[in-house]
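To start, the structure under review is shown below, and the notes come after it.
No value in this document is a laboratory result; all are computed from the given coordinates. Remember, predicted model here, so these are calculated numbers, not experimental data. Neighbour counts run over all protein chains shown; Cβ positions are idealised from the backbone, glycine included.
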Amino acid sequence: MADLNPPKIEFDKKGSTSRFDFNLNQYADNFFDFKIVGSSRTAYNLTGFGFSGTIRKYIGSAITASDNITIGFETSGQTVGIITARVNCGITTLLSKISPRYTYDIIATRHDSGYKRQLIAGDVNVNVGITQVTPAEGDDDSNDILGSHRICIAVIDEANDGSNAPSVAEYNAFRASFPNRKHYILQPRSSGVADTSKLMDSDISDIYVSGFGTDTSFNGSEIQVYPVSRDNGSAAAASDWFDIVGIETGSITKLALFVDISGSMTLSTVAASYAKFIGTCTDAGITVREESNQNEDWIEPFSGILA
C-alpha cells in the first residue's frame with residue numbers, strides 16, 4: 001500500500017539530492033509514493049522524464065551483485081509530481097536476511113536531452129519478519145540463531161567528528177532489539193590516546209554502553225573507546241584486538257567485525273592488527289562475520305541479524 005502522506009522531494013537542476021529512508025517488507029509488494037516539488041514547493045510536472053532506481057548493498061557495490069534489485073515505477077501521477085516506486089514481493093527474496101541493510105537511489109532522465117539527475121537516495125531497512133529476539137540458550141552461542149548475544153567490534157578512527165555517528169534514536173533502537181550484544185569501539189590512533197569526541201557527541205556518550213563495562217584498568221575511567229595502533233602493515237606495531245576485547249576461547253563460535261574503510265582510514269591502516277586478529281580467531285575456532293558500512297556509522301553494521 002502506498003503512503004498516504006508521501007514525502008516531498010525538491011527537484012530542480014541546481015538543487016542537491018534529497019534523502020529519504022524507508023522500510024521494506026520482504027515477501028510482500030511494497031509501494032512508496034514520492035511527491036516531487038519545485039523550489040517554490042509547488043508540484044513539479046514530470047512529463048518527459050523517465051525513472052530508474054536500484055537497491056544495493058552499499059554505495060558503489062557492483063551492479064552485477066546477486067542482491068542488487070531494480071526498482072519499478074508507476075508514473076500515472078507524474079503530471080502532478082507524484083511517482084510511485086514499486087518493489088514486488090518476488091524480487092525481495094534476493095535480499096539478505098542475515099544483514100538486512102541496503103541503500104538505494106532513484107535517477108530521473110529527461111527524454112529529449114538525456115539530462116540525468118539523482119532525484120533521491122537513502123537507506124533501506126528490510127523487515128524480514130522478526131518480531132522478537134530470542135535469547136541464546138546454554139553457556140555458549142551455538143543456539144544463538146539471530147546473533148542476539150554476538151560480540152560486535154567496530155574499528156573506526158572518526159565519524160566526521162561525531163556528526164556521522166548514530167543518532168540517539170538509532171542507538172536506542174539497537175539496544176532495544178539486541179540488549180545483550182556487547183559492542184566495542186577500537187580507534188586507530190597515532191598518539192595512543194583515544195579521542196571519543198571524534199566518534200560521538202555528548203548525547204550518545206551519555207547513553208553509550210561499551211562492552212568493556214565498568215573496566216577502569218586502562219586509564220582509571222570506564223572505557224568507551226579504546227585506542228589501537230595505526231600499524232600500516234607493520235607486524236611489530238600491531239595491536240592485539242583479541243586480547244584488548246578480552247575474548248574467551250571456548251565460549252563463543254562467532255563474532256562480528258566492522259573495519260571502517262571510508263577514507264580517513266582503510267584496511268591497510270590496520271593491516272597487521274587485522275591479520276593478527278583473524279589468525280587468532282581462526283586458531284580459536286571462531287568465525288568472523290565481517291560487516292560493511294560506508295557512512296562511518298559504528299552501530300548500523302550490527303543492527304541486523306548476525307547469525
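In table form, for the structure just shown:
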read-out: Net dipole in debye of the range 8-127 [+1 Lys, Arg Cβ; -1 Asp, Glu Cβ; about Cα centre; nearest 20]; value: 280
read-out: Local electrostatic count, Pro227, Cβ distance below 14 Å [Lys/Arg +1, Asp/Glu -1]; value: -2
read-out: Extreme residue, positive dipole direction of the range 8-127, given options Val126, Leu46, Val87 (C-beta unit charges); value: Leu46
read-out: Crossing angle, helix 168-177 versus the chain [Cα axis fit, 0-90 degrees, rounded to tens]; value: 70
read-out: Distance in nm between pseudo-label sites at Ser39 and Ala307 (7 Å out along the Cβ direction from Cα); value: 5.1
read-out: Fluctuation leader among Ser167, Ser39, Ser273 - the chain, Gaussian network, Cα springs under 10 angstrom; value: Ser39
read-out: Relative contact order for the range 8-127, counting Cα pairs under 8 Å that sit 6 or more residues apart, in percent; value: 36
read-out: Pairs of lysines in the chain (C-alpha under 27 Å apart; 8 or more residues apart or interchain); value: 21
read-out: Label-point separation in nm, Lys8 to Thr249, each point 7 Å along Cα→Cβ; value: 6.2
read-out: Segment Thr214-Ser96, length gained on full extension (0.36 nm per residue, minus Cα span); value: 38.9 nm
read-out: Length added when fully stretched, Glu222-Asn180, from 0.36 nm per residue minus Cα-Cα; value: 13.2 nm
read-out: Inter-probe distance in nm under a simple model that places probes 7 Å from Cα toward Cβ, at Ile278 and Asn232; value: 2.2
read-out: Pairwise FRET efficiency - Asp206 versus Val80, Cβ, R0 = 41 Å, nearest 0.05; value: 0.35
read-out: Residue of Asp243, Asp112, Asp195 that the Gaussian network model of the chain assigns the largest fluctuation, springs spanning Cα pairs under 10 Å; value: Asp112
read-out: The chain, relative contact order in percent, only Cα pairs under 8 angstrom and at least six apart counted; value: 16
read-out: Cβ charges +1 (Lys, Arg) and -1 (Asp, Glu), total dipole of the chain, debye; value: 1260
read-out: Sequence-distant residues sharing a close amide H with Asn180 (under 5 Å, placed H); value: none
